[in-house]
Structures are given as C-alpha cells and as structure tokens.
Amino acid sequence: MWAVVHAERAALIRDLETVPAERWSTPSLCPGWDVHDVVAHLADDAKTTRLSFLRHFAAARFDFDRFNNAGVARERAAEPRLTLASFRAASHRTTSAPAPKATRLVEAFVHGEDIRRPLGLSRGYPAGHVATALRFQLGTGVPVGGGKERAQGLRLLATDAKLDAGDGPEVRGTALALLLAVSGRPVGADELTGPGVPALIRNGGIHHG
C-alpha cells in the first residue's frame, strides 16, 4: 500500500513542478480549497503521526473541518514552491493518523484529481488500488469522509476493475469516476452511465456535466 502511495505522491510532485505559481490559486475540486490548499493538506497529512493527530484533533475540538483547515494553515507557505518542497520532503514517510490504511489510497487518488482536473492534467491510476479505495469509501459514512450514504440504494459496477457493489439501479464507470462521485466530487457527463446516475447525483450533490 505504501509503495502505491509513494508512487502517487511522486507523480503528483512531478506534475506540480511544471505548474506556474499563479495557477496554484485555481479552485480545486475540494470545496473551499484552491490547488495550493490541497497540496498543503497533503504535506500535512504526510507528516501526521498518531500522536500529532490526537494532539491537533483535540486542539480543533474534535471538529474534522477545523482540524483540516488548521493543517492547511500550518503547511501553506508564502510561495507554492516552498509548500511543494515541504510535501516533497515528507513524501516518503509512512506515518499516518490512527485510521485504516485504505484512507491513504483515498487521499492519494481523490486529492490527486482535486488538483489535476482543474489544472487540465491527467494520470492513469492503478485501477485495482482505486477499487480498494472505493470499497473503503462505500463502507464509510460521509460525516467521517466516506461515501456510504451517497451510494445507498445503488449498484456500482466498475468498468476497469473487479468491483460490483450494492443493490439497486446500476451506475457504471471507471473505478476512479465512481470513487470521485461517492466522495462528492464532480465527474464528466460521459464518465458515468446507467439508470442510477441521477440518484447518485442527488445523493451526493455532485455536478455531472
């Protein structure tokens, strides 16, 4: 799992090295955050340990949004290149918050797309590992960062990985498109098909177009 996370961090760093500083203010797919904010979050996440998580979470009065915003504030430097350098320095770490390992895959893939899509960048992700991240999201509630409620009453079928989950009207798409949708991110009109798509859009409040 860590080999995949490290490979994704390295690929994102390579992509960001060619992005001009002025484009780091581009709004990301993560509501309320621009590209610079998401990179700062990834740097903070890479540096997080079990102990630091507990300390910072308590300081945030056990509010995940406050906790995440404080992490961005800690890591967001005055210049994008400095934030990127901080992320690069921490990119090979294997420390983590006290959470299931699959959350590291969710972070790598979803935040990777939070950044790449608005910047017009693309990457071919390992579909099997994306499916692992998707299964985790389907079993985790929205209030703690998952997507269980968004997919409720639907059958999701990945077109590029072995994943057939849930019962109800079908939604078909790549594992990545399904992962983004259940994570509350926008997807293109041609990325998901099936009679369950309108319900998934309503459940997640996502834009599809």
Options Arg61, Arg55; residue that is over 18 Å from the mean Cα position of the chain (by Cα), outside any helix (DSSP H, G or I) and within 23 Å of Pro143 (Cβ to Cβ): Arg61
Positions within the stretch 1-45 being under 16 Å from Thr95 (Cα atoms), surrounded by 18 or more Cβ atoms within 10 Å (Cβ to Cβ) and either more than 13 Å from the chain's Cα centre (by Cα) or without any contact (Cβ under 8 Å) to a residue 12 or more places away in the chain (or both), in sequence order: Val4, Ala43, Asp44
From the options Gly147, Gly124, residue that is within 30 Å of Asp63 (Cβ to Cβ), in a loop (DSSP other than H, G, I, E, B) and out of contact with any Pro (no Cβ under 7 Å at 6 or more places or on another chain): Gly147
Candidates Ala43, Ala77, Ala89, Ala108 - the one that is modelled with pLDDT of 95 or more, under 22 Å from Thr18 (Cβ atoms) and out of contact with any helix residue (DSSP H, G or I) (no Cβ under 7 Å at 6 or more places or on another chain): Ala89
Asp34 being outside the structural domain of Val187 (by TED's automatic domain parsing), touching a Pro at 6+ places or on another chain (Cβ under 8 Å), under 18 Å from Ser122 (Cα atoms) and among the acidic types (Asp, Glu): yes
Residue that is surrounded by the most Cβ atoms within 10 Å (Cβ to Cβ), among those in the stretch 81-108 that are touching a Leu at 6+ places or on another chain (Cβ under 8 Å) and more than 13 Å from Val39 (Cα to Cα): Val106
Candidate set from the stretch 56-74 (those that are closer than 20 Å to Pro31 by Cα, surrounded by fewer than 19 Cβ atoms within 10 Å (Cβ to Cβ) and among the aliphatic types (A, V, I, L, M)); member that is modelled with the lowest pLDDT: Ala60
Verdict on Ala78 being loosely packed, with under 11 Cβ neighbours inside 10 Å, of a type in the set (A, V, I, L, M, F, W, C) and more than 19 Å from the chain's Cα centre (by Cα): yes
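The values are calculated or read from the model by the stated rules, or taken from the named source; none is laboratory data. Remember, predicted model here, so these are calculated numbers, not experimental data. Quick reminder, even Gly has a Cβ in these numbers, built from the backbone with ideal geometry, and neighbours come from all protein chains shown.
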